[in-house]
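Colleague: Right, I'll just put the structure down here and ask away after.
The values are calculated or read from the model by the stated rules, or taken from the named source; none is laboratory data. Please read these numbers as outputs of a predicted model, since none were measured by experiment. Here the Cβ positions follow ideal geometry from the backbone for every residue, glycine too, while neighbour counts run over all protein chains shown.
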Amino acid sequence: MTKSASADPVGVRSPLTYTLTATNLGPDPATGVTLTDTLPAGVGLVAVTTGNGACSVATGTVTCLLGVLASGASAIVTIRVTTPASPGTIVNTASISAQQTDPDPANNSVSLTTSVLGAELTGAFNPGSLIRRCNRTGLVCTLSGAFTLQNQGLVGVRSLSVRTAQVQLYLSDDGILSPASDRLLRAARMPIPAPGQARAIAFRVRTGPSLTGQFLIAAIDPGNVVPETNKTDNLVIFGPLPQQPSRHSPIPPLLLDTTSGYGIMSGVWTVVCDAPSPAGEARG
């Protein structure tokens with residue numbers, strides 16, 4: 001007996017078709033042929049079809065009475081299901097039997113493992129959007145910018161059980177997320193992008209005169225609500241921020257410890273300081 005799946009990998013809550021082929025290798029006819037298929041936990045049965053005999057379903061097990069298979073004849077059973085709502089792997093096992101003794105029973109059963117994928121969310125602070133603007137005294141400043149939420153997976157909201165993802169943006173002294181002590185810049189529910197797409201969210205916050213050595217952190221889906229294949233990229237760290245410049249300051253490539261599994265971003269941000277005007281110079 002052989003078995004195949006219509007897609008591997010496949011997304012969560014997506015159609016999946018198993019095709020099972022039972023063949024009598026002979027030399028004699030096989031009577032009372034019965035095919036039994038145990039469905040994986042979490043799948044939803046849609047339909048079972050066969051051109052030989054009839055099939056029934058009970059407690060997650062498909063049983064097909066295929067009748068007589070002549071030597072060399074085959075019977076095909078098609079099982080259509082919907083995959084589970086959570087990513088992971090599912091195993092489908094089927095077996096076949098007949099009234100005659102089979103001299104080679106080793107090929108009478110088969111198992112098939114299929115990977116079920118969810119979304120894969122990550123993101124980036126947009127370097128060109130990061131602007132720090134200070135008043136003429138240099139004591140009152142604001143930091144503004146944007147964060148882009150990305151879906152690098154194969155699954156979008158059509159298959160997911162949720163349509164939005166919580167995103168929390170923080171300002172951190174040490175680059176280690178500590179929600180109790182880090183400054184929350186913005187928290188919002190963002191629509192989950194389609195596979196391969198992205199969505200941006202802006203933030204603006206008042207700061208002190210210096211941000212030297214601080215970090216921007218984005219926590220994606222901190223409540224672990226979105227079904228994802230990989231959550232190791234759900235924490236995005238940008239920094240450390242450079243020393244206070246007079247106008248513009250590029251940030252060199254970051255060499256941070258990535259053993260924590262954090263996603264590290266680098267780039268350039270802009271600092272605009274309206275310094276006190278020299279005597280006699282007009283300021284607009």
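Colleague: Pull out all pairs, ordered by first then second residue, where Cβ-Cβ is under 8 Å, the residues are six or more apart or on different chains, the first lies in the stretch 71-98 and is on the phi > 0 side of the Ramachandran plot, and the second is in a strand (DSSP E or B) and surrounded by 20 or more Cβ atoms within 10 Å (Cβ to Cβ).
Modeller: Cβ pairs passing all conditions: Gly88/Val116.
Colleague: Next question, about the same structure. Only residues that are crowded, with 19+ Cβ neighbours inside 10 Å and among the acidic types (Asp, Glu): list them for the stretch 15-57, please.
Modeller: Of everything in the stretch 15-57, just one residue is crowded, with 19+ Cβ neighbours inside 10 Å and among the acidic types (Asp, Glu), namely Asp37.
Colleague: For the condition touching a Leu at 6+ places or on another chain (Cβ under 9 Å) and either in a strand (DSSP E or B) or of a type in the set (S, T, N, Q) (or both), what is the one hit in Leu143, Leu154?
Modeller: Numbers: Leu154 fails: either in a strand (DSSP E or B) or of a type in the set (S, T, N, Q) (or both).
Just one listed residue meets the conditions, Leu143.
Colleague: Thr212 passes all but one of (1) of a type in the set (Ser, Thr, Tyr); (2) over 17 Å from Pro127 (Cα atoms); (3) modelled with pLDDT under 95; which number fails?
Modeller: The number of the failed condition is (2).
Colleague: Count, please, the residues in the stretch 167-180 that happen to be touching a residue at least 12 places away in the same chain (Cβ under 8 Å), surrounded by fewer than 17 Cβ atoms within 10 Å (Cβ to Cβ) and either more than 24 Å from the chain's Cα centre (by Cα) or assigned to a strand (DSSP E or B) (or both). Even if it seems obvious, please write down each step before you answer.
Modeller: First pass over the stretch 167-180, keeping only residues touching a residue at least 12 places away in the same chain (Cβ under 8 Å): 167-175, 177, 179.
Filter once more, keeping what is surrounded by fewer than 17 Cβ atoms within 10 Å (Cβ to Cβ): 173-174, 179.
Filter once more, keeping what is either more than 24 Å from the chain's Cα centre (by Cα) or assigned to a strand (DSSP E or B) (or both): 173-174.
Residues meeting the conditions: 2.
Colleague: Something else about it: Check Thr122 against each of (1) more than 20 Å from Arg206 (Cβ to Cβ); (2) among the β-branched types (Val, Ile, Thr); (3) surrounded by fewer than 21 Cβ atoms within 10 Å (Cβ to Cβ) and name the one condition it does not meet.
Modeller: (3) is the only condition that Thr122 fails.
Colleague: Filter the stretch 96-112 down to residues that are polar (S, T, N, Q), surrounded by 12 or more Cβ atoms within 10 Å (Cβ to Cβ) and under 21 Å from Gly11 (Cα atoms), then give me how many there are.
Modeller: The first filter runs over the stretch 96-112 and keeps only residues polar (S, T, N, Q), leaving 97, 99-101, 107-109, 111.
Right, trim to surrounded by 12 or more Cβ atoms within 10 Å (Cβ to Cβ) and you get 97, 100, 107-109.
From the residues that got through so far, the ones that are under 21 Å from Gly11 (Cα atoms) too are none.
So the answer is 0.
Colleague: Hey, any hits in the stretch 93-109 for a residue that's of a type outside the set (Asp, Glu) and touching a Pro at 6+ places or on another chain (Cβ under 8 Å)?
Modeller: Looking through the stretch 93-109, none of the residues is of a type outside the set (Asp, Glu) and touching a Pro at 6+ places or on another chain (Cβ under 8 Å).
Colleague: Which of the residues belonging to the stretch 134-149 are of a type outside the set (D, E, K, R) and over 25 Å from Ala218 (Cβ atoms)? Write out each step before concluding.
Modeller: First pass over the stretch 134-149, keeping only residues of a type outside the set (D, E, K, R): 134-135, 137-149.
Scanning the stretch 134-149 gives Asn135, Thr137, Gly138, Leu139, Val140.
Colleague: Turning to a different aspect of this structure: With the condition being more than 30 Å from Gly156 (Cβ to Cβ), I'd like the strands (runs of 3 or more DSSP E) fully within the stretch 1-113 carrying at least 2 qualifying residues.
Modeller: Details: elements: 2-5, 15-23, 30-38, 44-50, 54-58, 61-69, 74-82, 88-97.
It comes to 15-23, 30-38, 54-58, 61-69, 74-82, 88-97.
Colleague: Let me ask something else about it. List pairs: first in the stretch 116-145 and more than 30 Å from Lys231 (Cβ to Cβ), second among the basic types (Lys, Arg) and not in a strand (DSSP E or B), Cβ under 8 Å, 6+ apart or cross-chain?
Modeller: Arg136/Arg283
Colleague: Evaluate the stretch 146-158: report whether one residue or more is basic (Lys, Arg), within 30 Å of Val226 (Cα to Cα) and at pLDDT 90 or above.
Modeller: First pass over the stretch 146-158, keeping only residues basic (Lys, Arg): 158.
Narrowing further to those that are within 30 Å of Val226 (Cα to Cα): 158.
Next, only the ones that are at pLDDT 90 or above stay: none.
The answer is no, given that none of the residues of the stretch 146-158 is basic (Lys, Arg), within 30 Å of Val226 (Cα to Cα) and at pLDDT 90 or above.
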